[in-house]
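Some notes on the structure that comes next.
The values are calculated or read from the model by the stated rules, or taken from the named source; none is laboratory data. Please read all numbers here as calculations on a predicted model, not as lab measurements. Neighbour counts are summed over all protein chains in view; Cβ atoms, including those assigned to glycine, are modelled from backbone coordinates with ideal geometry.
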Amino acid sequence: MDPVLCKRLSQTQPFFALAATLTLYAHDIQEYGDIARLFDFILAREAVIPVYLFAVIILGRKDELLKIPLEEPEMLHFTLSKLPQPLNLEALILQTTTLYARHPPHTLPHRAWKRISPYSVLKTTYKRTELAKQTLEDGERLFARQAAQMRRDELRQKFIKEVRTRARMYRRPVFFTITIAVGFLALWLGKDTDIAFVYGDGKLNALFNGARKISGSLLGYLR
């Protein structure tokens, strides 16, 4: 939507949006009437709508954000983490609705929507027809699956990091080939979103640890 602003914000981590989106902006708005109005809007829409609202707020502050010097990333983060006051809620709600209609989640660039877990509430509540059929037990099951997927992804990232470290340590082809092979093993273990439920968390950890030990033994033997 705005390549210039996107490039500018890419120089900082998106942690500035966590507080507002996780609390649904409750800690940034003082008036009860404004909080009630905003909650009515957010709770009646898709779970991803608070993110769109934050995007609208950022777009409205473009000139202010671009004036911050490049050598002051801390100031940029601080400015982004504080919402402008006062907020014109009705205008923001209208702009958020328009932005969502023009750029729904599944059309976002860089595979942003596809990279989100299928067990995330952002996706499991995306279609209202499916949401209406969900039970409390369904929600608990989906939450457990996403938690397991996050643990598996963390293990996989640690494993890949170790593979890359070994690749830098051992430059000869035979060592590098083994390292790459183990790396593919880590990727294969992580490609199935249900693997944590097939093997269980304990066995999943054992698979990663076993692969790591095998790679270490082979490298030690051939060194």
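Test each condition in (1) of a type in the set (A, V, I, L, M); (2) touching a residue at least 60 places away in the same chain (Cβ under 8 Å); (3) assigned by TED's automatic domain parsing to the domain that holds HIS27 for ALA101 and report the one that comes out false.
ALA101 satisfies all of (1) of a type in the set (A, V, I, L, M); (2) touching a residue at least 60 places away in the same chain (Cβ under 8 Å); (3) assigned by TED's automatic domain parsing to the domain that holds HIS27 except (2).
Provide a single number: the residues in the stretch 10-46 that are surrounded by 17 or more Cβ atoms within 10 Å (Cβ to Cβ) and of a type in the set (Gly, Ala, Ser).
Matching residues across the stretch 10-46 total 2.
Which condition breaks for GLN157 when tested against (1) farther than 30 Å from ILE29 by Cβ; (2) over 20 Å from the mean Cα position of the chain (by Cα)?
The number of the failed condition is (2).
Determine, yes or no, whether THR98 is modelled with pLDDT of 90 or more, on the phi < 0 side of the Ramachandran plot and of a type in the set (Ser, Thr, Tyr).
Yes, satisfied.
I'd like the full set of residues that are closer than 22 Å to VAL51 by Cβ and part of a helix (DSSP H, G or I), limited to the stretch 130-144. Spell out how you get there, then give the answer.
Just the residues of the stretch 130-144 that are closer than 22 Å to VAL51 by Cβ, to begin with: 130-131, 134, 139, 142-143.
Those that are closer than 22 Å to VAL51 by Cβ and part of a helix (DSSP H, G or I): GLU130, LEU131, GLY139, LEU142, PHE143.
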